[in-house]
1. If R0 is 56 Å, what FRET efficiency do you get for residue 95 and residue 252 from their C-beta distance, rounded to 0.05?
2. Among rounded, prolate and oblate, which fits region 39-92 when a ≥ b ≥ c are the square roots of the eigenvalues of its C-alpha gyration tensor, a/c under 1.5 means rounded, and a/b larger than b/c means prolate?
3. Along the Cα→Cβ direction, 7 angstrom out, place labels at residue 106 and residue 68. What is the inter-label distance in nm?
4. With a cap of 11 neighbouring Cβ atoms within 10 Å, and only residues DSSP puts in a loop, list the GluC sites (Glu not before Pro) found in region 35-125.
5. If the chain between residue 199 and residue 213 were fully stretched, how many nm would it gain, using 0.36 nm times the residue separation less the Cα-Cα distance?
6. Near residue 102, within a Cβ-to-Cβ distance under 10 Å, what is the net charge of the other residues, with Lys and Arg +1 and Asp and Glu -1?
7. Calculate log10 I(q)/I(0) of region 107-261 for q = 0.11, 0.16, 0.17 Å⁻¹, where I(q) comes from the Debye formula with a single equal point scatterer on each Cα and nothing for solvent.
8. Add +1 for every Lys or Arg and -1 for every Asp or Glu among the other residues with Cβ under 11 Å from the Cβ of residue 12, and state the total.
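Taken together, the values in this text are just the output of simple stated rules run on the coordinates, not laboratory data. Here the structure is a predicted model, which is why all the values come from computation and not from measurement. As a convention, Cβ positions derive from the backbone with ideal geometry for all residues, glycine included, and neighbour counts pool all protein chains shown.
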Amino acid sequence: MRTLDDLDVKGRRVLVRADLNVPLDGETITDDGRIRASVPTIKALIDKGAKVVVCAHLGRPKGEANPKYSLKPVARRLGELLGQDVSGAADVVGDSARDTVDSLQDGQVALLENLRFEPGEESKDDAVRGAFARRLAGLAELYVGDGFGAVHRRHASVYDVPKLLPHAAGGLVVAEVEVLKRLTEETERPYVVVLGGAKVSDKLGVIANLLTRVDRLLIGGGMAYTFLKAQGHEVGKSLLQEDQLDQVRGFLAEAVRRGVELVLPVDVLAAVTFAADAEHEVVEATAIPADREGLDIGPRTRELFATKLADAKTVFWNGPMGVFEFDAFSGGTRAVAEALISQTADGGAFTVVGGGDSAAAVRKLGLSEDGFSHISTGGGASLEYLEGKTLPGLAALEE
């Protein structure tokens, strides 16, 4: 892939596809991690004298303008981080966007409105998507793809626009790809993967592929209960995907066949209901009471997982171990994160947090992001890369 060093950007309009899909509480940004991750590439273009036109999506407005998903709060925060005003357009490719872009001076930045306000952005019709891509590309002379969290989508701003303009990968995308290559091509062993989150079905492909690569696979979070049920254990009211039981039994058998150590929880925090203040107790993972649901891994499992990480040289973690949004059920996720931080500092391990809820949990729990080798900005993109899929946005940048 070409990089910023391969583009002559001075005095030229550069369209930067960033990932600024941050959580909002009203107009308050509750986690600005993705904005901060986008700053270095934008700053590099400013320093080179480009006229920077940033485009991004937020939420799922389904092709219609919706104030709830406006990027105005993002423009304000981006300006604070850059130390200069960021002009916010009132639309994506309309009169406001054109006027805003036309008014840019060298080294200035504008942010277009939410790409997903336009139905052409996500359209599965190539003609519709292509027509929108041409209007978007018409705002600029060059394109920089830096929204790693969206590169697994065949969307106009990610896949079609780079086919219409001279293009390069931004620093964030370059860094993410380098990390993923270390996880797939240059892996130092033991290689341990920790998977959590709600659903097994979200990670079928990546589990199947990882079973051919890793030495040890630790399973926590909501998806662990489908694994426990597949082994014949009672899981009470815990999250369960009955339609995935046969698939999971296949994973268990494949792990044995390949000599992969697959580690499941040995105890859990079982609650009477799904609530932050729910009454709960520690129970054996193999005997969860019928009237309770597991909301976090238990203390013995936390110690077990830490032990299984203690000799790792490469670790990839994707998915929380419990309902980390509730303080009472955040201990398992914290324990895994702290084990990774320890192994990074003391064991010299290469540790990667695979974006999404895992990255959000690190920030919510107040843990130092510098304690990990890398925190990805794209959970879904990372998983699809590790699954072995071709990511449309990366393929477009490589052309």
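1. It comes to 0.45.
2. Since a/c reaches 1.5 and a/b is larger than b/c, the shape of region 39-92 is classed as prolate.
3. Computed distance between label sites residue 106 and residue 68 equals 4.5 nm.
4. Answer by residue number: 64.
5. Between residue 199 and residue 213, full extension yields an extra 2.9 nm.
6. Around residue 102, the surrounding residues sum to +2.
7. These q points yield log10 I(q)/I(0) values of -0.67, -0.94, -0.98.
8. Every neighbour counted, the sum reads +1.
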